[in-house]
Amino acid sequence: MNTDEGQRSFDNPEEHEMFVKKAITAFALLLAATVGTAQASDLWFHVTVHEKTEDANVTINLPLAFVQSAISMIPAEASDTGHVMIGDEQFDAQKLRELWQSVQGAQDMDFVTIDSEDESLRVSKSGNYLVVKGTARSDKGADIDVRMPASVIDALLDTDDNTLNFAAALQALAAEGQGELATITGDDARVRVWIDQFPEAR
Amino acid sequence: MRIIAKALILTFATGLVILLGTGVALAASVATSGLVLVQVSEAPGTNGGTNLTIPVPASLLHAGISGARYFASDDLRAARQELEPWRDAISQALDELEDCPNVELVRVIDGDEEVVVRKKGRNLLLRVQGNEETVLVSFPMSLARHAFSVLAG
């Protein structure tokens, strides 16, 4: 009920309480809508490398938007001859695309398994993720844990020829938000790659 | 008062005004354009442990960069052709760096040597620390952007 001055007043405490609850709910929804989803401009790309033998550490913290800008500076040669090494096996973009298209609609499954003296490697589909897990069997091998959203793989392979679309893949990664991307632990080095909302590595 | 005395007072007053004016102009240019700082600190026991600090108002460097258009036009033309494919990407990357908060961007530790690149306020800081000396270079991001805009055209 409005007063003559246009201010709101209430006939009874229950009406007042209802108004307050609605106001709080509306405010919470507005807050959730604005801060619930981190955009690329809010996300940070982190890489840490620790080399045990040489006692060397590298820490990189970059705004994800900066990485997206920089990705277009990758020389054409690097994306034109799109190869991905999985273990000691080389897969070109065309082969990867065919493999990915064949497993996209499938249930969760292992679609590449590589066993060698130094390590065993398994590439599998798990829900909406491509998972690469490796277990070291000798000093030359490495424990690998890579978890990549399927949308990123789709974007990476979204080309008509034997190239890899790094820019689109990074855009898809930004859309996925924060998360751990890769942890690789070898005999002499540990590499961790992740995205989160914090400017400095934690 | 004698004419000579008056002339001396006038000359002194003019000199004082010029000095004060230059100081104020310098302070204003540092406040607006920033300062480039190069600092070298040697470890005690190394050549006497020399410490060297060179501050340069960025506005002087801005002027020098602008002058490069006229003094090195051929070299700039060649540089522009090389940078053309990446001009927009570099410009966008510089924008992102300017907008990001104070943060340590890169840290590399290799034995006793350490390299740190940090964004602090409007400046980019580069610190290289070794056994014998530490070198710190700090410059405004606007200088990097200006240099790039002259380079890329």
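The values are calculated or read from the model by the stated rules, or taken from the named source; none is laboratory data. Nothing here was measured: the structure is a model prediction, and the numbers come from that model. Cβ coordinates were reconstructed from backbone atoms using ideal geometry, including for glycine residues, and neighbour counts include every protein chain displayed.
Data table
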| quantity | calculated |
| --- | --- |
| The range B:122-144: number of residues that are outside any strand (DSSP E or B) and more than 14 Å from chain A (Cβ to nearest Cβ) | 6 |
| Selection within the range A:159-195 - part of a loop (DSSP other than H, G, I, E, B) and touching a residue at least 40 places away in the same chain (Cβ under 8 Å) | A:159, A:161, A:162, A:163, A:164, A:165, A:177, A:178, A:187, A:188 |
| Pair list, Cβ < 8 Å and 6+ apart or interchain, from the range B:75-89 residues that are within 14 Å of chain A (Cβ to nearest Cβ) and on the phi < 0 side of the Ramachandran plot to residues that are surrounded by 15 or more Cβ atoms within 10 Å (Cβ to Cβ) and aromatic (Phe, Trp, Tyr) | none |
| Options A:78, A:56, A:70: the member that is at negative phi, at pLDDT below 85 and more than 19 Å from the chain's Cα centre (by Cα) | A:78 |
| Candidates B:98, B:104, B:42, filtered to the one that is in contact (Cβ under 8 Å) with a residue 60 or more places away in the chain and touching a Ser or Thr at 6+ places or on another chain (Cβ under 9 Å) | B:42 |
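One line per residue, one yes/no per condition, for (1) closer than 16 Å to residue A:59 by Cα; (2) touching a helix residue (DSSP H, G or I) at 6+ places or on another chain (Cβ under 7 Å); (3) surrounded by 16 or more Cβ atoms within 10 Å (Cβ to Cβ):
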site: A:140; (1), (2), (3): no, no, no
site: A:146; (1), (2), (3): no, no, yes
site: A:149; (1), (2), (3): no, yes, yes
site: A:153; (1), (2), (3): no, yes, yes
site: A:157; (1), (2), (3): no, yes, yes
site: A:168; (1), (2), (3): no, yes, yes
site: A:176; (1), (2), (3): no, yes, yes
site: A:194; (1), (2), (3): yes, no, yes
site: A:198; (1), (2), (3): yes, no, no
